[in-house]
Amino acid sequence: MKKGQPKIVLFGVRSLPPNIQEHTLLQNIEKMIDLISAEIKLVVDVIEVSFVDEEAITEINYETRDISSSTDVLSFEAGKLDREKIAEVYVCYPVIEAKMSEVVHDVTDEEFLEVVVKELIRMLIHGLLHTNGYDHSTELEYGYEDDNPEAMFIEQERILKIILKTYQKSN
């Protein structure tokens with residue numbers, strides 16, 4: 001960890017399927033999170049990323065948002081849940097995989113793996129944007145208009161492109 005960069009704590013990585021765990025991007029997840037946090041200028045001491053199952057994400061969703069269903073990602077801004085300067089992101093791989101199965105057809109297993117990993121990274125970026133105060137309808141520091149629900153997604157895709165470009169250069 002470089003000075004000024006948040007400490008990254010990962011939970012549940014071993015609960016991911018082996019082909020996901022072994023994917024090059026996931027092997028470099030700490031470097032990837034460093035890059036994301038630098039891009040969004042995340043101001044926290046610790047980033048906790050937990051890979052959880054549907055039961056766990058449903059429980060967290062209900063406890064924090066009073067919604068009793070699963071979701072792909074949940075995140076909490078620094079200072080939430082009685083903690084100081086900690087960003088928490090919960091990623092549910094089974095929901096991401098199921099979502100991708102609904103929209104991606106007629107591809108090889110290897111191509112599907114790439115789609116799922118890309119979506120997993122997208123959701124990680126999405127969660128980290130939320131922990132930094134970004135919302136689907138608020139103004140971003142990059143000059144997007146206020147109340148533009150697309151602004152957060154534009155920023156998310158900008159960062160995703162940087163991550164994927166960095167990944168492609170390293171291979």
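No value in this document is a laboratory result; all are computed from the given coordinates. Source: prediction; values computed, not measured. Neighbour counts are summed over all protein chains in view; Cβ atoms, including those assigned to glycine, are modelled from backbone coordinates with ideal geometry.
Express in nm, to one decimal, how much length is gained between Lys31 and Leu10 on full extension, taking 0.36 nm for each residue of separation and deducting their alpha carbon distance.
6.3 nm
Starting with the highest mean, order 6-13, 68-75 by the number of other Cβ atoms within 10 Å, averaged over the residues of each peptide.
Going by the mean number of other Cβ atoms within 10 Å, highest first, we get 68-75, 6-13.
As a footprinting exposure proxy, order Arg122, Arg14 by other Cβ within 10 Å, with the fewest listed first.
Neighbour counts put them in this order, fewest first: Arg14, Arg122.
Apply the a/c threshold of 1.5 to the C-alpha gyration tensor of the range 7-140 and tell me whether it is rounded, prolate or oblate.
prolate
Using 1/(1 + (r/R0)^6) with R0 = 25 angstrom and r between the beta carbons of Leu164 and Val46, what's the FRET efficiency to the nearest 0.05?
Once the sixth-power term is evaluated, E becomes 0.45.
Describe numerically, in nm with one decimal, the distance between label points set 7 Å from Cα along Cα→Cβ at Ile67 and at Glu157.
Going by the 7 Å Cα→Cβ label model, 2.2 nm.
Give me Ile60, Ile163 ranked fewest to most by other Cβ atoms within 10 Å of their Cβ, as a rough exposure proxy.
Going from least to most buried by this count: Ile60, Ile163.
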